[in-house]
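A short worksheet on the structure shown next.
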Amino acid sequence: KMREIALVYLDRSGGLQKFVHDCKKYNDSKQSYAVYRFIISINPSDIAELDATLGNYILHNPIQAAQIFQSVCFIAIQTLSLIEQLQTEAQISILLKPTHLPPLPSYVLSLSAFPFNYASQRFYMSEGVVIAMGTVTKYTQGARFLCTEETCPFSEGFRYIRVHLPGATESATVRNDFVCSLCSSPLQEDMKFRVLGDKQMVEMIDAKVLNALKGYSNDKSHFRIQAFTVFLRDELVNKMKIGDHYKIIGIPACVQNGLQATACIEVNSVQLCKPSGSSFVSDNFKHLLSLTSSSCWRFTAILANIFASQIVPPGTYNTLKLTILLSLVQTCEKENTDYLDLLIVTSDTLVIDRLLNYSMCLLPRGIRHPPSSEIFPSVSKDKHGTGHASIQACSTVLAKGGICYIGDLSSYKKDKLELLQSVLESRTTTVFIPGKKYGEEADQQVTVSVQTNFWSFVDVDSSSKKPIHKDNFLIGQMDMSLIPHNLVDGFGLLIYNEFPSYQLSSPLVHHILKKAINPEAMLYKVSQQFRTEDYEE
């Protein structure tokens, strides 16, 4: 009955027509394969409406459900003589691809939630940010084995076919310890018929990690974040980009590597998650805009004046706060957009650091670069023991479409500053992968685009020479010998701090002291009228 319903569904959904077209390509090649692979798109809603039992079977037993479609496809090929070279049903490999899954909690897989049911081998939906990408390698889609006993009937033909299943390692698909079920002689692979496909390993992590990397969070709840491995195969290879946020549908599995077991997901479909562009503006801001509509500057000036009143008193650091707001609204995930990078020259690093950190947290992707990690992508050996190269994400890639706050520039070594200058000029960085080291035939160069605004500061007090102090703070009167001139030119704006540490204004001193005594205190009425959430929106 299920086979009949599967055939009706294929006919109604247009899947049968696509299947016939795919068969024609195999038949025209006149080449004999161990395995003929077909992709069948499944709409769970449509098939459940047609027959609830089959719909349920596909969602919860996809590997067994694929065998139903395998049987239907084999009968269709035989009846319509679609592939002359095909001999047995075992040669057909069916990959079911659901268009979506029911929007229910039981279909969502999260590594931060227990229990993690990786042994169920059914479809789950998951999402996360790509933090590492491996190079594309080969795997065995299918292989033909023959009995080594010449007199055995299974020493020829296509009786023994091995096909890759979700979560299976290469050694599970192709081994040398198989025996014939008829005469118990060893089986040997016929290498002429081995079918290879492309494989790529990708590391993903829950998007909550972006909040953890801000260096500060209002969220007091504790949660566990763990990276998980996903396998992209064949048509899905290179469908993901490092640093992007994706929704995936796949089958979880447990891959054994020596004594270690790794939870992973065999991906069936990939969908890019686009940021939900909320256009909400608070009533207070709308009212302020209507009051200041007579001037094209007044609204912006007031915004800058009262911005970050939780960190500094209104009316202080106005120039800096205006440039921060300009850089914040200039964030975008589109390529070839305009970027506004900020370099602040200051002797009061504590207040500047607090102000930049507060401002960065207004964005979904504001990343504070930890000094212990890499700013730009790096290469390491894949942790699954394959020995292949894996490109690791970094602060700049994770801050895609946002802000990467890299702290004090004078704390970085010359080679890192030269690389930063190159990135500011080209908005790309190149990762070199030596072939010899990672088991590849040739060296590779992978170019990663950098779509983020950089924020940094220079502590002038860390210079051996003190800046000349005069009432008019001209850039030409400061010692910038710590940072190369070309790097300084790479930043969109250079801001000189308005308040040197030995000339802190009285309101700022009062603010810092009051906040130290009571961090949660609302010191100004304007902080209640125009909240952090309002600026965020």
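Just so it is clear, none of the values below were taken in a lab; they were calculated from the coordinates. No experiment lies behind these values; they were computed from the predicted model shown. Counting neighbours? That spans all protein chains shown, and the Cβs are built from the backbone with ideal geometry, glycine included.
Grab the Cα-Cα distance for residue 428 and residue 20, subtract it from 0.36 nm times how many residues apart they are, and report the gain in nm with one decimal.
On the way: separation 408, 0.36 × 408 = 146.88 nm, distance 4.41 nm.
Stretched out fully, the residue 428 to residue 20 stretch lengthens by 142.5 nm.
Relative contact order for segment 224-307 using alpha-carbon pairs under 8 Å, separation at least 6, rounded to a whole percent?
Values: 75 pairs, mean separation 21.5, N = 84.
With pairs under 8 Å counted, the relative contact order is 26 percent.
The phi torsions of segment 237-251, fed into the Karplus equation with coefficients 6.51, -1.76 and 1.60 and a -60° offset, translate into couplings of 4, 6, 7, 10, 10, 5, x, 7, 9, 10, 9, 10, 10, x, 10 Hz, rounded to whole numbers, with Gly and Pro shown as x. The simple spin-label model puts a point 7 Å past each Cα toward its Cβ; for residue 298 and residue 29 those points are separated by 7.2 nm. Compute the distance in nm between two label points, each set 7 Å from the Cα along the Cα-to-Cβ direction, one at residue 441 and one at residue 61. Between residue 441 and residue 61, the label points sit 4.4 nm apart. Computed as a quarter of the hull surface, the mean projected area of the alpha carbon convex hull for segment 158-254 stands at 9.6 nm².
Pick out the long, greasy-scoring helices in the chain: whole DSSP H runs spanning 20 Å or more along their own axis by Cα, mean Kyte-Doolittle at least -0.5. Can you show the working numbers first?
Working: long enough: 15-29 (22 Å, -1.21); 62-80 (27 Å, 1.18).
Qualifying helices: 62-80.
Taking every alpha-carbon pair under 8 Å whose residues sit at least 6 apart, segment 253-372 reaches a relative contact order of 14 percent.
Mind checking the dipole of segment 1-49: about its Cα centre, +1 per Lys or Arg Cβ, -1 per Asp or Glu Cβ, Debye to the nearest 20?
Here the size comes out at about 240 debye.
For the chain, place one equal point scatterer on every Cα, skip the solvent, and apply the Debye formula. What is log10 of I(q)/I(0) at q = 0.13 Å⁻¹? Relative scattering, expressed as log10 I(q)/I(0), comes to -1.29.
Dipole magnitude for segment 252-368: about 280 debye, using +1 per Lys or Arg Cβ and -1 per Asp or Glu Cβ, origin at the Cα centre.
By how many nm would the segment from residue 238 to residue 305 lengthen if fully extended, with 0.36 nm per residue of separation less the alpha-carbon distance? Don't jump to the answer; show the numbers that get you there.
Numbers: separation 67, 0.36 × 67 = 24.12 nm, distance 4.65 nm.
Contour length minus Cα-Cα distance gives 19.5 nm.
From the helices alone, meaning DSSP H stretches of at least four residues, give me the mean residue ellipticity at 222 nm for the chain, per-run term -39500 (n - 2.57), in deg cm²/dmol to the nearest 500. Don't skip to the answer; put the middle values down first.
On the way: 17 runs with 157 residues, N = 537.
The per-residue figure over the chain is -8500 deg cm²/dmol.
Distance between the pseudo-spin-label points of residue 127 and residue 413 (7 Å out from Cα toward the beta carbon): 4.0 nm. Any aspartates and glutamates with Cα under 18 Å of the residue 400 Cα? List them, leaving off those in the same chain fewer than 8 positions away. Residue 400 reaches 127, 203, 206, 244, 333, 335, 338, 341, 374, 425, 536.
Both radii were evaluated on the Cα set of segment 346-436; the Rg over Rh quotient, with Rh as the Kirkwood radius, amounts to 1.03.
Give the residue list of trypsin sites (Lys or Arg not before Pro) in segment 319-383 that are DSSP loop and have at most 16 other beta-carbon atoms within 10 angstrom. Intermediate values should be presented prior to the final figure.
Working: sites: 321, 334, 354, 365, 368, 381, 383; in loops: 334, 365, 383.
Qualifying residues, ordered by number: 334, 383.
The Cα trace of segment 11-170 gives Rg and Dmax of 18.5, 56 Å, the first to one decimal, the second as a whole number.
Of the residues 65, 38, 79, the one whose Cα sits farthest towards the positive end of the charge dipole of segment 18-174 is 38 (charges of +1 on Lys and Arg Cβ, -1 on Asp and Glu Cβ, taken about the Cα centre). Holding the Cα-Cα limit at 27 Å, pick out from 97/192; 138/192; 321/514; 138/437; 138/241 the pairs that are longer than that. Pairs exceeding 27 Å: 97/192. Here's the picture: a label point sits 7 Å out from the Cα of residue 493 along the beta-carbon direction, and within segment 503-537 the residues with their amide nitrogen under 19 Å of it are 535-537.
For segment 1-63, would you read off the P(r) tail past 18 Å as a percentage of all alpha carbon pairs? If you can, show how the numbers build up before the last one.
Values: 845 of 1953 pairs.
Summing the P(r) tail past 18 Å for segment 1-63 gives 43 percent.
Our summary gives segment 39-140 a relative contact order of 33 percent, counting only alpha carbon pairs under 8 angstrom and 6 or more residues apart.
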